[in-house]
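See structure below.
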């Protein structure tokens, strides 16, 4: 834990901008990641990035382990579902961390993508514009240049990147389709969780539609409009439809699952250079197919 005192001349500054100017952090993107993860406390309390400082507050920062100065490519067998000279779409297996983080300095998806020419964005996560949880499988689009990274980020900001997931939930939805519009942030009482009970809410919108109703479960097709940490898992749990197998928000061990039943099954977007429609799908992996078969039986 790093503790710092806010200087008096910072009175009136936004919290995210003040953090970005600290040498320990160094950029607006890094500051926002710390705030999103609940790793910043102001006088012992989490605050939104737009919080105005008064000067003299004590900051407590949980800084990530420094990434290696140079990421070393590592051979990882990750299927490429689609690619051209600008972009590639990979099909991430469950259990694989997307980018270096504390406790995962090597063996991440980013290390495996370096040989494929992933570039753009932050030095410790080249090419990455969105992410999947370690135990969520499925499709991820990656940039191969700074220009491609900037254009993909713009698609995300404009909500023009269609991201669809298949989620098996315990229970039966009250309607065939619906939208969950509820801000999410770091939970007030448990720093490992995100929830609607938060001091740092950020807009979060999730759409769902029933694919298949089963005896005690429902298979949902879920579309993200925003991309907050654990968004689908938090939102579905909030409407009493916990994700099967989810060890943090749902039903751990349900149907023999060793992880949450959540798979990024479709990515669709207009190619930011050519204008062609890119539409890529990924089938359920064997462990999720087996759980679905058991739910059907």
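Please treat every number below as a calculation from the coordinates, not as lab data. Here the structure is a predicted model, which means the values were calculated and not measured. All Cβ positions, even for glycine, are placed from backbone atoms using ideal geometry, and neighbour counts span all protein chains on display.
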Considering only 160, 215, 31, give the residue with the highest GNM mean-square fluctuation for the chain, with springs between Cα atoms whenever their separation is below 10 Å.
215
Nearest 500 deg cm²/dmol is fine: what mean residue ellipticity at 222 nm does the chain get from its DSSP H runs of n ≥ 4 alone, each adding -39,500 (n - 2.57), divided by its residue count?
-4500 deg cm²/dmol
Can you give me the distance in nm between label points at residue 28 and residue 14, each placed 7 Å from the Cα along the Cα-to-Cβ direction?
0.7 nm
Choice from 246, 147, 43 showing the highest fluctuation, given a GNM over the chain with Cα pairs closer than 10 Å
43
Can you tell me the length gained on complete extension of the stretch residue 134 to residue 175, counting 0.36 nm per residue apart and subtracting the Cα distance?
11.7 nm
On a 0 to 90 degree scale, rounded to 10, what angle separates helix 286-296 from the longest Cα axis of the chain?
60 degrees
Which angle between 0 and 90 degrees, to the nearest 10, do you get for helix 146-157 versus the longest principal axis of the chain when only C-alpha atoms count?
70 degrees
If you average the alpha carbon positions of the stretch 151-189 and of the stretch 240-297, how far apart do those two centres end up, in angstrom?
13 Å
Just want to confirm a number: the relative contact order over the stretch 2-61, from Cα pairs under 8 angstrom separated by 6+ residues, in percent.
50 percent
The chain - percent relative contact order, Cα under 8 Å, separation 6 or more
13 percent
Running a GNM on the chain with Cα contacts under 10 Å, which residue among 171, 275, 250 ends up with the highest mean-square fluctuation?
275
Rounded to one decimal in nm, the spacing of the 7 Å Cα→Cβ label points at residue 43 and residue 115 is 5.4 nm
How much length would be gained if the chain were fully extended between residue 85 and residue 156, taking 0.36 nm per residue of separation minus their Cα-Cα distance, in nm to one decimal?
23.5 nm
Could you tell me the center-to-center distance, by alpha carbons, between the stretch 1-56 and the stretch 116-140 in angstrom?
26 Å
Contour minus Cα-Cα distance for residue 223 and residue 276 (0.36 nm per residue):
16.9 nm
